[in-house]
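Report on the structure given below.
The values are calculated or read from the model by the stated rules, or taken from the named source; none is laboratory data. Quick caveat: nothing in here was measured; it's all calculated off a predicted structure. Positions of Cβ are backbone-derived with ideal geometry, glycine not excepted, and every protein chain shown enters the neighbour counts.
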Amino acid sequence: MKRALICGVSGQDGGYLAKLLLDKGYEVFGTSRDAELSSFSNLETLGITGQVKCVSMSLTDFRSVLQVLSDVEPDEIYNLAGQSSVGLSFQQPVETLESIAFSTLNLLEVLRFRKKPVRFYNAASGECYGETSQDDPATETSAFHPKSPYGVAKCAAYWAVANYRESYGLYACSGMLFNHESPLRPDRFVTRKIVQAACRIASGSDERLKLGNLDVIRDWGFAPEYVDAMWRMLQQDTPEDYIIATGQSHSLMHFLECVFEKLGLDWRKHTQIDKGLLRASDIAANYANPSKAKKKLGWAATTNFDQLVEKLIAAEKKNAV
């Protein structure tokens with residue numbers, strides 16, 4: 001039985017990955033800063049709380065990381081922890097850098113120090129690339145140009161992984177995941193915010209949904225499919241980095257229109273622009289080319305944009321019952 005350690009198991013990706021690995025017969029451990037006080041609500045939603053062994057670990061504390069890895073002795077480590085909101089990173093840039101970049105460095109240093117044959121996955125991000133276009137979508141060799149503290153932190157973690165792989169021969173790789181959504185997304189993420197508000201309005205609420213820049217363009221996929229790509233990366237003979245995306249991008253306005261239309265509503269009557277929600281700097285558009293993942297991992301997104309919207313609405317309606 002393989003043993004996996006998921007750092008950040010309480011998050012959206014952590015929950016879906018834990019379920020995937022359990023279904024594959026893994027023994028799964030998950031970390032949280034304080035496992036005794038964490039709710040692990042996503043694990044409860046997925047019905048796997050009792051199957052995941054949760055342990056306390058502070059990723060910014062080298063001793064804590066060393067102790068947990070020595071106790072658990074994992075075959076695979078998935079580093080999904082850290083501050084996950086691009087918007088919040090402008091308000092908390094130091095915490096964002098520490099929780100993403102420094103934490104990744106601690107994990108790599110412990111792996112180097114212990115000299116065990118552990119396979120390490122690092123959650124990088126499409127935010128690393130900054131602006132990309134439909135004519136020139138991001139590939140694994142595209143230059144990085146992050147436009148947020150979150151993107152900067154992810155770039156730092158990515159290069160640390162690449163450096164340790166090349167310098168010390170670690171089996172370590174990064175997945176540059178573009179936006180991926182699910183019913184487990186926290187409320188502060190704009191996709192969840194839109195779906196929740198639209199469902200409430202469809203049920204009779206007279207609220208007005210406040211949003212920022214509707215012109216941004218993103219590649220949105222379905223999160224449960226993306227964790228499968230993470231697992232596939234660690235099953236390869238040699239560690240490599242991969243872009244994980246659908247290859248199709250849409251504007252936030254299109255997402256908004258689709259959600260309200262499927263609920264029989266006109267979004268214009270129920271929304272307003274709030275300049276306070278505009279970011280200091282933002283990526284106008286990102287496009288990705290996930291062909292390497294398809295060729296080498298045999299992975300491709302199967303949920304299209306319209307299906308994603310339908311899944312999110314159906315889940316929200318179910319939660320409201």
Which residues, taken from the stretch 217-243, are surrounded by fewer than 19 Cβ atoms within 10 Å (Cβ to Cβ), assigned to a loop (DSSP other than H, G, I, E, B) and of a type outside the set (S, T, N, Q)?
ASP237, GLU240
When ARG268 is run through (1) surrounded by fewer than 20 Cβ atoms within 10 Å (Cβ to Cβ); (2) modelled with pLDDT of 95 or more; (3) not assigned by TED's automatic domain parsing to the domain that holds GLU131, the failure sits at (2)
Under 18 Å from ALA156 (Cβ atoms), under 20 Å from the mean Cα position of the chain (by Cα) and crowded, with 17+ Cβ neighbours inside 10 Å, is that true of LEU88?
no
May I ask you to list the residues in the stretch 240-263 that are out of contact with any helix residue (DSSP H, G or I) (no Cβ under 6 Å at 6 or more places or on another chain) and closer than 26 Å to VAL9 by Cβ?
GLU240, ASP241, ILE243, ALA245, THR246
Report whether or not LEU107 is out of contact with any Pro (no Cβ under 6 Å at 6 or more places or on another chain) and either surrounded by 24 or more Cβ atoms within 10 Å (Cβ to Cβ) or not assigned by TED's automatic domain parsing to the domain that holds LEU234 (or both).
yes
Tally of residues being in contact (Cβ under 8 Å) with a residue 40 or more places away in the chain, not in a loop (DSSP other than H, G, I, E, B) and not hydroxyl-bearing (Ser, Thr, Tyr) across the stretch 4-18:
9
What pairs can you find where one residue is in the stretch 166-189 and more than 24 Å from LEU107 (Cβ to Cβ), the other is part of a loop (DSSP other than H, G, I, E, B) and charged (D, E, K, R), and their Cβ atoms are less than 8 Å apart, with a gap of 6+ or different chains?
ASN179/ASP219
For residues that are at positive phi and in contact with a helix residue (DSSP H, G or I) (Cβ under 7 Å, 6 or more places away or on another chain), tally how many sit in the stretch 57-86.
1
Matching residues in the stretch 266-308 - criterion: being part of a helix (DSSP H, G or I) and within 21 Å of ARG208 (Cβ to Cβ)
TRP267, ARG268, LYS269, LYS275, GLY276, LEU277
Wholly within the stretch 23-118, helices (runs of 4 or more DSSP H) carrying at least 2 residues that are farther than 24 Å from MET233 by Cβ
41-45, 62-72, 86-91, 93-97
In the set GLY204, GLY175, which member is crowded, with 20+ Cβ neighbours inside 10 Å and either at pLDDT 95 or above or not in a strand (DSSP E or B) (or both)?
GLY175
Complete set of residues in the stretch 130-146 that are surrounded by fewer than 17 Cβ atoms within 10 Å (Cβ to Cβ), touching a residue at least 60 places away in the same chain (Cβ under 8 Å) and of a type in the set (Gly, Ala, Ser)
SER133
Write out, first by first residue and then by second, each pair whose Cβ atoms fall under 6 Å of each other, whose residues are 6+ apart or on separate chains, and whose first residue, in the stretch 300-321, is farther than 18 Å from PHE260 by Cα while the second is modelled with pLDDT of 95 or more and in a loop (DSSP other than H, G, I, E, B).
ALA301/THR246
THR246 passes all but one of (1) of a type in the set (Ser, Thr, Tyr); (2) buried (at least 21 other Cβ atoms within 10 Å of the Cβ); (3) more than 18 Å from the chain's Cα centre (by Cα); which number fails?
(3)
Do we find a residue being in contact (Cβ under 8 Å) with a residue 60 or more places away in the chain, hydrophobic (A, V, I, L, M, F, W, C) and crowded, with 16+ Cβ neighbours inside 10 Å anywhere in the stretch 273-280?
no
Report the residue count in the stretch 38-82 for those that are in contact with a Leu (Cβ under 8 Å, 6 or more places away or on another chain) and hydroxyl-bearing (Ser, Thr, Tyr).
3
